[in-house]
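The values are calculated or read from the model by the stated rules, or taken from the named source; none is laboratory data. No experiment lies behind these values; they were computed from the predicted model shown. All Cβ positions, glycine included, derive from the backbone under ideal geometry; neighbour counts span all protein chains shown.
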Amino acid sequence: MDDPATPCVYCGRQQATTMDHVIPRCLFLPPLPSDMVTVPVCEDCNNEKSKDDSYFRDMLAIDLQTSEHPVAKTLFKNKVLKAVQKNRSEVARPVLTGAVRMSPLRTSGGIYLGHYPSVPIDGERVNETIRTMVRGLYYKLKKQRIPDNYAFDIRRVDPLYVRSLHEDMVRMKANGPYTLANVFACLFLYAIEDPFVSSWLLSFFDGFVLIVHTAPEGGLVSSEESE
């Protein structure tokens, strides 16, 4: 680290002692892109994020919207299956224990598309992974930490609405797109009066798309409250 006084971008409490790849290395095939995003972090956050990164990779590799992406298919074959065989994949472990269930799939308009195999996913763990990524991306772009008293609202975007949401953000002159190989892309907006109020459109493997909003605590409506 060039500056020993630099705080960890993720937790803001401990001193940063290493650099972390904000968009997980495990989502890419070698060689890594030359423009990978890295930020200064503490050892504790780096170690914890590494576990969550693997969980996120395995989830994307079996997700209905991303599993046919060529990189995801290769990761599934070379990484996820091996982890499953060694009982190290927390996402795929239900396959071994018989916890896979058939769940109905419907469009946003309620049209039934059939039943598909599904496994339980730790939604809060995935949300924490996304919060960490957004903190890292914001720091890389703005050289500031999002304050700890700012909340994150994270929602998955229905495939039917991805294009229109993307077009809306482009019309609002969003920054980006920022891309890493054919694995990750994002657009983001921030408020002039409060640059920590921001909106992010994140895409992984062209199929797992999220909209993330940041604002002071109490300034966001949670997903549950909006339904």
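A compact table of results
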read-out	value
Residue that is nearest to residue 53 (Cα to Cα), among those in the range 67-85 that are of a type in the set (Gly, Ala, Ser) and modelled with pLDDT of 85 or more	72
Breaking point among (1) within 30 Å of residue 73 (Cβ to Cβ); (2) crowded, with 18+ Cβ neighbours inside 10 Å, for residue 38	(2)
So residue 214, is it buried (at least 19 other Cβ atoms within 10 Å of the Cβ), under 25 Å from residue 28 (Cβ atoms), touching a helix residue (DSSP H, G or I) at 6+ places or on another chain (Cβ under 8 Å) and not hydrophobic (A, V, I, L, M, F, W, C)	no
Criterion violated by residue 146 - all others in (1) β-branched (Val, Ile, Thr); (2) in a strand (DSSP E or B); (3) touching a helix residue (DSSP H, G or I) at 6+ places or on another chain (Cβ under 9 Å); (4) over 20 Å from residue 64 (Cβ atoms) satisfied	(2)
Test set (1) at pLDDT below 95; (2) part of a loop (DSSP other than H, G, I, E, B) - residue 196 fails condition number	(1)
Residue check for residue 63: in contact (Cβ under 8 Å) with a residue 24 or more places away in the chain, surrounded by 14 or more Cβ atoms within 10 Å (Cβ to Cβ) and in contact with a Cys (Cβ under 9 Å, 6 or more places away or on another chain)	no
Extreme residue, surrounded by the fewest Cβ atoms within 10 Å (Cβ to Cβ), among residues of the range 1-35 that are among the acidic types (Asp, Glu) and assigned to a loop (DSSP other than H, G, I, E, B)	2
